[in-house]
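These notes are about the structure you will find just below.
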Amino acid sequence: DGGITQSPKYLFRKEGQNVTLSCEQNLNHDAMYWYRQDPGQGLRLIYYSQIVNDFQKGDIAEGYSVSREKKESFPLTVTSAQKNPTAFYLCASRSGTSINTGELFFGEGSRLTVL
Amino acid sequence: GEDVEQSLFLSVREGDSSVINCTYTDSSSTYLYWYKQEPGAGLQLLTYIFSNMDMKQDQRLTVLLNKKDKHLSLRIADTQTGDSAIYFCAESTRSGYSTLTFGKGTMLLVSP
């Protein structure tokens, strides 16, 4: 079945370590997004990419990095520079055919805990 | 700037109707959306409405849009315990369709 797969679902990290969250989609979607969700904060946009080899910062990009070398993949690296990395991270994608409605398709999320 | 506001919590009894409200500030919003998030999961699109519409109905869901007041609501008829979740309102941004702006979410708790 087509969809978005995020891994790992749960991840623990020590302070000072970088960690990479995987996001893969087989929907043939052009655009991909990373959001961060904190209790009571809603969703905040970290980075997004509309095409391969191109990406833009969202509202809270500091301490994060991304790459978009393949259409299917949009990994997010949480660096040691991110001051409060413990959160639930959501990856999403959008196809060109849904551009008029802007519908986003979401993965199941990755919960990162810094010990 | 763009902002989307929602009440944080709503509690109803099974069988009652639920109404979740949302206000937004971007007058150029083209589409407005309702997403549902169950515990520990991603978001699923429930429904959306185009800005030139006043109402949209889809089975138990009714969306009302008051563009003058920038107010959006989601009514769930005959609410079931399986409807317990967080509901997010979102709008398409002024810059086009590249991003959506989400509210903070309304937690709906349905008691038997």
Mean Cα-pair separation over length for the stretch A:1-100, i.e. relative contact order, pairs under 8 Å, 6 or more apart, %: 32 percent
Contact surface B-A: accessible area buried, both sides summed, square angstrom, 1.4 angstrom probe: 1700 Å²
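Return the loop-located GluC sites (Glu not before Pro) in the stretch B:5-112 (DSSP other than H, G, I, E, B) with at most 15 other Cβ atoms within 10 Å of their own Cβ; answer none if there are none.
Values: sites: B:5, B:14, B:91; in loops: B:14.
Within the stretch B:5-112, the qualifying GluC sites (Glu not before Pro) (loop, at most 15 other Cβ atoms within 10 Å) are B:14.
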Those lysines that a straight Cα-Cα span of less than 17 Å connects to residue A:14, excepting residues fewer than 8 apart in one chain: A:83
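State to the nearest 20 debye the size of the charge dipole of chain B about its Cα centre, where the only charges are +1 on K and R beta carbons and -1 on D and E beta carbons.
Details: 10 positive and 13 negative charges, 30 e Å.
That gives chain B a dipole magnitude of about 140 debye.
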Computed E for residue A:7/residue B:28 - FRET, C-beta separation, R0 30 angstrom, nearest 0.05: 0.20
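Once you average over the residues of A:81-91, how many Cβ atoms of partner chains fall within 10 Å of each Cβ?
Working: counts 0, 0, 0, 0, 0, 0, 0, 3, 0, 4, 1.
Counting Cβ atoms of other protein chains within 10 Å of each residue's Cβ and averaging gives 1.
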Directionally averaged shadow of the protein assembly as shown, computed from the convex hull of its alpha-carbon atoms, nm²: 12.6 nm²
Residues whose placed amide H lies under 5 Å from that of residue B:26, excluding near-sequence neighbours: B:3
Cβ neighbours within 10 Å from other chains - mean over B:33-39: 2
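Greater than 20 Å separation of Cα atoms is the criterion. Which listed pairs, B:70/B:104; B:36/B:104; B:36/B:56; A:57/B:70, meet it?
Beyond 20 Å between Cα atoms: A:57/B:70.
The values are calculated or read from the model by the stated rules, or taken from the named source; none is laboratory data. Predicted, not measured: the structure shown is a model, and the values here were computed from it. Positions of Cβ are generated from backbone atoms using ideal geometry, with glycine treated the same way; all protein chains shown enter the neighbour counts. Ligands, DNA and RNA are excluded from the accessible area calculation, which covers all protein heavy atoms including side chains. Shrake-Rupley method; radii C 1.70, N 1.55, O 1.52, S 1.80 Å.
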